[in-house]
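What follows is a single structure, written as structure tokens, with notes after it.
Read-outs throughout are calculated quantities, based only on the coordinates presented, and are distinct from any laboratory measurement. Keep in mind that what you see is a predicted model, and the values were worked out from it rather than measured. Heads up, the Cβs are rebuilt from the backbone with ideal geometry, glycines too, and the neighbour counts pull from every protein chain shown.
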């Protein structure tokens, strides 16, 4: 047996000993990068979903804006307090999720009735800001 034949087994062993850990390390690094990207994408989707106010907040702010709108109308028309309460309670019934392009911010969930009054839009915006949904 020649010296070359005796050393022939060393090359495959070295390749396996160095190559397998290198491949495993590369796979681990690629896997971590993929996980980070998926985590970032999932986190950005969660932020978008959490930024919309819940329906209860929208309804409450529509009621508040309705009171402001009706207070303004009461001064102009002289409506009684009972009419003001009923009108404000119905204000949230027609709430939709939309942006009002005429305003500086997006008024998500503002009812159509409240959208027609500048004082109601302002009141709605203030109500949402107090609850952490500033536009």
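Per-residue extension of 0.36 nm, minus the Cα-Cα distance of residue 18 and residue 52, leaves a gain of 7.0 nm for this segment.
Net length available on complete extension from residue 134 to residue 2 is 39.2 nm, with 0.36 nm assigned per residue and the Cα-Cα distance removed. Between residue 37 and residue 11, the FRET efficiency from the beta-carbon distance, with R0 = 35 Å, is close to 0.35. Judged by the mean number of other Cβ atoms found within 10 Å, the most tightly packed of the peptides 3-12, 62-71, 118-127 leads the ranking 62-71, 118-127, 3-12.
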